[in-house]
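Note sheet for the following structure.
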Amino acid sequence: EVHLLESGGGLVQPGGSLRLSCAASGFTFSSYAMSWVRQAPGKGLEWVSVISGSGGRTNYADSVKGRFTISRDNSKNTLYLQMNSLRAEDTALYYCAKDRSTNWFFDFWGRGTLVTVSS
Amino acid sequence: DIQMTQSPSSLSASVGDRVTITCRASQTIASSLNWYQQKPGKAPNLLIYAASTLQSGVPSRFTGSGSATDFTLTISSLQPEDFATYYCQQSYTTPLTFGGGTKVEIK
């Protein structure tokens, strides 16, 4: 059974940093691209970033480009999101999501970890 | 970036009703359109991918159609567990983008 468990969220001041993790199990982690998708309170879904199965290719939403870095450790079956220069508008529930194949849509999601950026 | 526009943003319907939600892309995305259902406090759940392919385990009352820029999600007979918010998502190119959502409420 596929399982994705995010962690690392919390309260951080504007300009601060946070690193999110997503522990994966139940599938061959290195074979699948993974994404981060966020949802601000009461709002819709916003894709943040994707990384290929090998980790060699990444892509970002314009809203986080240059501030966030996606990475993965296939030996630990773990996905990461390093978030720097955080802004109030980054406040959201951050989900990690497994790509169904290499098609950039998501067949499994974690439960999310909440990031709150506030002074 | 490709903009995804869903309509309506919300609707009220009764159990047994046929419900249709539309999603329009700002440029052609071929059949690279996916639909998700999200219930309050839960993660999204993939319903349909590639415009019309039903994800494993999803009831057959859900159908998707369309291509290029115009897409539709239809629920043939609304069930109590279908009251939720539905999102479309294009997977044609990055940045991946979602529609604004359609909230289906009980009439």
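What follows draws every value from the coordinates through simple rules; no lab data is involved. The structure presented is a predicted model; accordingly, all values stated were derived computationally and were not measured. Positions of Cβ are backbone-derived with ideal geometry, glycine not excepted, and every protein chain shown enters the neighbour counts.
Which of the residues that make up segment B:3-35 are of a type outside the set (Val, Ile, Thr), surrounded by 15 or more Cβ atoms within 10 Å (Cβ to Cβ) and without any contact (Cβ under 8 Å) to a residue 60 or more places away in the chain? Listed by number, the residues that qualify are B:Arg24, B:Ser31, B:Leu33, B:Asn34, B:Trp35. Could you please find all residues in segment A:1-23 being out of contact with any Ser or Thr (no Cβ under 7 Å at 6 or more places or on another chain) and within 14 Å of another protein chain (Cβ to nearest Cβ)? A:Glu1, A:Val2, A:Leu4, A:Leu5, listed by residue number. Does A:Arg67 count as touching a residue at least 24 places away in the same chain (Cβ under 8 Å), basic (Lys, Arg), more than 16 Å from A:Ala40 (Cα to Cα) and away from chain B (no Cβ under 14 Å)? Answer is no for this residue.
Listed by position, the strands (runs of 3 or more DSSP E) inside chain B whose residues that are within 10 Å of chain A (Cβ to nearest Cβ) and aromatic (Phe, Trp, Tyr) number at least 2 are B:33-38.
Against the definition (surrounded by fewer than 16 Cβ atoms within 10 Å (Cβ to Cβ) and either among the hydrophobic types (A, V, I, L, M, F, W, C) or within 14 Å of another protein chain (Cβ to nearest Cβ) (or both)), how does A:Asp62 come out, yes or no? For A:Asp62, the condition - surrounded by fewer than 16 Cβ atoms within 10 Å (Cβ to Cβ) and either among the hydrophobic types (A, V, I, L, M, F, W, C) or within 14 Å of another protein chain (Cβ to nearest Cβ) (or both) - is met.
Within the option set B:Ile29, B:Ile21, B:Ile2, B:Ile48, being under 10 Å from the mean Cα position of the chain (by Cα), under 25 Å from A:Trp36 (Cα atoms) and among the hydrophobic types (A, V, I, L, M, F, W, C) holds for one residue only, B:Ile48. Summed over segment A:31-47, the residues that are surrounded by 15 or more Cβ atoms within 10 Å (Cβ to Cβ) and more than 9 Å from chain B (Cβ to nearest Cβ) give a count of 5. The set of residues in segment A:69-95 being in a strand (DSSP E or B) and surrounded by 16 or more Cβ atoms within 10 Å (Cβ to Cβ) consists of A:Thr69, A:Ile70, A:Arg72, A:Thr78, A:Leu79, A:Tyr80, A:Leu81, A:Met83, A:Ala92, A:Leu93, A:Tyr94, A:Tyr95. Among the residues of segment A:88-113, just one is aliphatic (A, V, I, L, M) and more than 14 Å from A:Val48 (Cα to Cα), namely A:Ala88. Restricting attention to segment A:70-119, the residues being within 14 Å of another protein chain (Cβ to nearest Cβ) and of a type in the set (Lys, Arg) number 3.
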